[in-house]
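Novice: Before I ask anything, here is the structure I am working with.
The values are calculated or read from the model by the stated rules, or taken from the named source; none is laboratory data. No experiment lies behind these values; they were computed from the predicted model shown. Every residue, glycine as well, gets a Cβ built from its backbone with ideal geometry; the counts of neighbours run over all protein chains shown.
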Amino acid sequence: MLRVVRERRAKLWQSTVTVPDFSNLNWNTMKKPSINQLWPLLASAVAALIVAACKTAPVPAPQAPTPQVATPPASPVAPSVSPQAPRLTSSIASTPRAYRRDAATHLYQLNSSRVFKGQLPPQLYAVGVLEVDIDSRGNVSGTHWMRAPSHAPEVMAEILRTVRSAAPYPVPTRMGKVTYTDTWLWDRSGQFQLDTLTEGQL
């Protein structure tokens, strides 16, 4: 029974469907596309490639370098300077000998770079003994050589200039005015010591 049904369906399909016959076709006589027909296709393909290339991810632009702020140079540190002892403005000395130390200290403070450091050499260039008058305001009212280094007149002139330029001296409050004497010990280098504050000789 099934076989009869299958045969009937086959006959019915053959009667309704027409299958074309390609056996009589001559493939050599078929018309081939010309080069003019291919150019539009090639142009379309090239255009598609260009569009695809343009759609690629853009190369990121290089970032601008971050500006660097120049660090200002550190200001130089001033060298530390040892504070000097405060200058005496008055003296409570009751004798010329006691006042002489105050006057010598005053001269050393004003001429620290010219004071000979350490013990003096055995042979000094000049030795002078000078008497100085100080009035009630600390000014120099007079000078007198007790022993002048006459062989070195330039030293005599420099000692007198140093003594006078150091005024005003500490005011002798107890004595009102004073005359004191000190010995100048002069080295060939131009530096000196006062006998009152000397460090001695070698």
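Novice: Which condition does residue 157 not pass, out of (1) of a type in the set (A, V, I, L, M); (2) surrounded by 12 or more Cβ atoms within 10 Å (Cβ to Cβ); (3) out of contact with any Lys or Arg (no Cβ under 6 Å at 6 or more places or on another chain), if it passes all the others?
Specialist: (2) is the only condition that residue 157 fails.
Novice: Which residues, counting only those in region 127-154, are of a type in the set (Ser, Thr, Tyr), touching a helix residue (DSSP H, G or I) at 6+ places or on another chain (Cβ under 8 Å) and surrounded by 13 or more Cβ atoms within 10 Å (Cβ to Cβ)? Full working, then the answer.
Specialist: Going through region 127-154, the residues of a type in the set (Ser, Thr, Tyr) turn out to be 136, 141, 143, 150.
Then keep just the ones that are touching a helix residue (DSSP H, G or I) at 6+ places or on another chain (Cβ under 8 Å); that gives 143, 150.
If the condition is that a residue be of a type in the set (Ser, Thr, Tyr), touching a helix residue (DSSP H, G or I) at 6+ places or on another chain (Cβ under 8 Å) and surrounded by 13 or more Cβ atoms within 10 Å (Cβ to Cβ), then 143 is the only one that fits.
Novice: Scanning for something under 16 Å from residue 91 (Cα atoms) and over 48 Å from the mean Cα position of the chain (by Cα), does region 145-166 turn up at least one residue?
Specialist: Kept after step one, since they are under 16 Å from residue 91 (Cα atoms), are these residues of region 145-166: 166.
From what's left, over 48 Å from the mean Cα position of the chain (by Cα): none.
No, that holds for no residue.
Novice: Which residues, counting only those in region 115-126, are surrounded by 15 or more Cβ atoms within 10 Å (Cβ to Cβ) and either among the small types (Gly, Ala, Ser) or under 16 Å from residue 199 (Cα atoms) (or both)?
Specialist: Of all residues in region 115-126, those surrounded by 15 or more Cβ atoms within 10 Å (Cβ to Cβ) come to 115-116, 120, 124-126.
Residues satisfying the conditions are 115, 116, 120, 124, 126.
Novice: Among the listed residues 121, 170, identify the single one that is within 17 Å of residue 97 (Cβ to Cβ) and modelled with pLDDT of 95 or more. Working first, answer last.
Specialist: Working: 121 fails: within 17 Å of residue 97 (Cβ to Cβ).
Selected residue: 170, the only one of 121, 170 that is within 17 Å of residue 97 (Cβ to Cβ) and modelled with pLDDT of 95 or more.
Novice: Select from region 88-108 the residues that are within 16 Å of residue 182 (Cα to Cα) and within 47 Å of the chain's Cα centre (by Cα) and write down the one among them that is surrounded by the most Cβ atoms within 10 Å (Cβ to Cβ). Let's see the steps before the verdict.
Specialist: First, pick out the residues of region 88-108 that are within 16 Å of residue 182 (Cα to Cα): 93, 95-108.
Going one step further and asking which of them are within 47 Å of the chain's Cα centre (by Cα), we end up with 101-108.
Working: 101: 16, 102: 21, 103: 26, 104: 18, 105: 18, 106: 20, 107: 22, 108: 18.
Residue satisfying both the conditions and the ranking: 103.
Novice: With the condition being touching a residue at least 60 places away in the same chain (Cβ under 8 Å), I'd like the strands (runs of 3 or more DSSP E) fully within region 106-186 carrying at least 2 qualifying residues. Before the answer, list the steps.
Specialist: Values: elements: 126-134, 140-147, 178-186.
Here the list reads 178-186.
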